[in-house]
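**Q** Handing you this structure, nothing more for now.
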């Protein structure tokens, strides 16, 4: 479900929540809010930039790797690797 941002049409008429803006998770088929749920002031939907993940950089995130049971190492020297995520030894060495 997308998250929509709303703000009071008249800043002076709204409560602290809607004057500064608030977010609401709604189905796309739902009608947009017309009034603040806290103070009943008129609100409008605010256009904002979407949060987009481009590429596959998020797949190498340590939290993502650990969540799926993998271990990640990075090279720190000739034949020496240091653990960055997951279970396993802290270092792997070719010696």
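**Q** Contact order normalised by length for the chain, with contacts defined as Cα pairs under 8 Å and 6 or more residues apart; what percent is it?
**A** Relative contact order comes out at 19 percent.
**Q** In addition: Using a Förster distance of 22 Å, how high is the FRET efficiency between residue 60 and residue 93, based on the Cβ-Cβ distance and rounded to 0.05?
**A** Once the sixth-power term is evaluated, E becomes 0.45.
**Q** With a point put 7 Å past each Cα toward its Cβ, work out how far residue 25 is from residue 46 in nm, to one decimal.
**A** So the two model labels end up 2.0 nm from each other.
**Q** Return the calculated 222 nm mean residue ellipticity for the chain, to the nearest 500 deg cm²/dmol, obtained by summing -39500 (n - 2.57) across DSSP H runs with n ≥ 4 and dividing by the residue count.
**A** That calculation yields -2500 deg cm²/dmol at 222 nm.
**Q** Follow-up question, since we're still on this one. Please identify, among 80, 53, 43, the residue showing maximal mean-square fluctuation in a Gaussian network model of the chain using a 10 angstrom Cα cutoff.
**A** Comparing 80, 53, 43 in a Gaussian network model of the chain, the most mobile one is 80.
**Q** Counting alpha carbon pairs within less than 8 Å and at least 6 residues apart, what relative contact order, in whole percent, applies to segment 3-46?
**A** 49 percent
**Q** Would you kindly calculate the mean projected area, averaged across all directions, of the convex hull enclosing the Cα atoms of the chain, in square nanometres?
**A** 10.2 nm²
Since every read-out is calculated from the coordinates, none of them should be taken as a lab result. Just so you know, these numbers come straight off a predicted model, no measurement behind them. Glycine also receives a Cβ, built like all others from the backbone with ideal geometry; neighbour counts cover every protein chain displayed.
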